[in-house]
Amino acid sequence: MKPEVVPAILVKTRDDLIRRIAQVRGLVREIQIDVMDGKFVPNTTVGIDDLKALPEAHYEFHWMVREPERWIAQVPGPHMHLVHIETVESFEAVERAVKESGGKLGIAINPETSLELALRLVPKAERVLIMTVHPGFSGQSYIKDMCGKIKQLRKLYPKLDIEVDGGINNETAAHAYSCGANILAAASAIFAAEDTKKAIAELIKSAKSANTKSKTTKQKTTKPASSDTSAKQKTSGASAKHGTSGVRGLGGGAGGVVGGASGAGGARRRNASSAGDMHD
């Protein structure tokens, strides 16, 4: 799958929101708006009133809030809604809100959340966001260990849109894409750059270069295939929606869809000095 960059906007005022939308509108297919309510994560950003009458574009709303269905219902349109499974009490209510709003549903999971807890919900989603930082906390670096989750999910769902968010720059974009993520949410790498259009192009170029390096390495190390290779490569039936390799009996109940996980940080309860640092 080709890499795609989604500019991530995390601001506290509508003026800043409109300014950043104008900065990237027309350069990308989709724009992410991060929304924090101070409950699921300790910071707050633009509120629901700030999201009304936005400039025409395709938006991806990253809901870091309690009761996301109440927020989604107030933002109609064909937008992507990413909800954290750690905060959802009723996934059916979220599905209903997304459907009635005319939007699309995606799920997000925090670094400490087991992928297995999300797998039963993946068939109901059009996108999965794997956080590569802990949402709501400042001064964090990209968590490379999330590569394992990304690879596992990509193996199970070859055609699924897998997004990463947090600490994405030219170096980490290449790493995330090589792991299997095809959508890269980036903030500082885009908005702190002098040339926004060039910054987006460089992120895509970096991701593609990782794929090229991987192919070159495989060509050098791959041995000639044996005569029975084709027989061994036959696989079992796959799900038509995401091209799964067969997922059975994985994932458990999500009573809040993830039982014991409360809030974004789990045991990481330290105050964030700035909401704008989550993506850095």
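The values are calculated or read from the model by the stated rules, or taken from the named source; none is laboratory data. These numbers were taken from a predicted model, which means no experiment stands behind them. Glycine gets a Cβ as well: all are built from the backbone with ideal geometry, and neighbour counts include every protein chain shown.
Summed over the stretch 152-180, residues that are more than 18 Å from M1 (Cα to Cα), buried (at least 18 other Cβ atoms within 10 Å of the Cβ) and not polar (S, T, N, Q) total 3. Helices (runs of 4 or more DSSP H) fully within the stretch 150-255 that include at least 3 residues being at pLDDT 95 or above and farther than 24 Å from F61 by Cα: 170-179, 196-221. For the stretch 134-150, state whether one or more residues are more than 21 Å from V6 (Cβ to Cβ) and of a type in the set (A, V, I, L, M). No, that holds for no residue.
Restricting the stretch 122-151 to residues that are touching a Lys or Arg at 6+ places or on another chain (Cβ under 7 Å) and closer than 23 Å to L10 by Cβ, which is surrounded by the fewest Cβ atoms within 10 Å (Cβ to Cβ)?
It comes out as E126.
Residues satisfying the criterion are absent from the stretch 24-40 (criterion: over 27 Å from S114 (Cα atoms), of a type in the set (K, R), touching an Asp or Glu at 6+ places or on another chain (Cβ under 9 Å) and outside any loop (DSSP other than H, G, I, E, B)). Just wondering, is there one or more residues in the stretch 44-60 that are under 28 Å from D145 (Cα atoms), in contact (Cβ under 8 Å) with a residue 40 or more places away in the chain and more than 19 Å from the chain's Cα centre (by Cα)? Among the residues of the stretch 44-60, at least one is under 28 Å from D145 (Cα atoms), in contact (Cβ under 8 Å) with a residue 40 or more places away in the chain and more than 19 Å from the chain's Cα centre (by Cα), which makes the answer yes.
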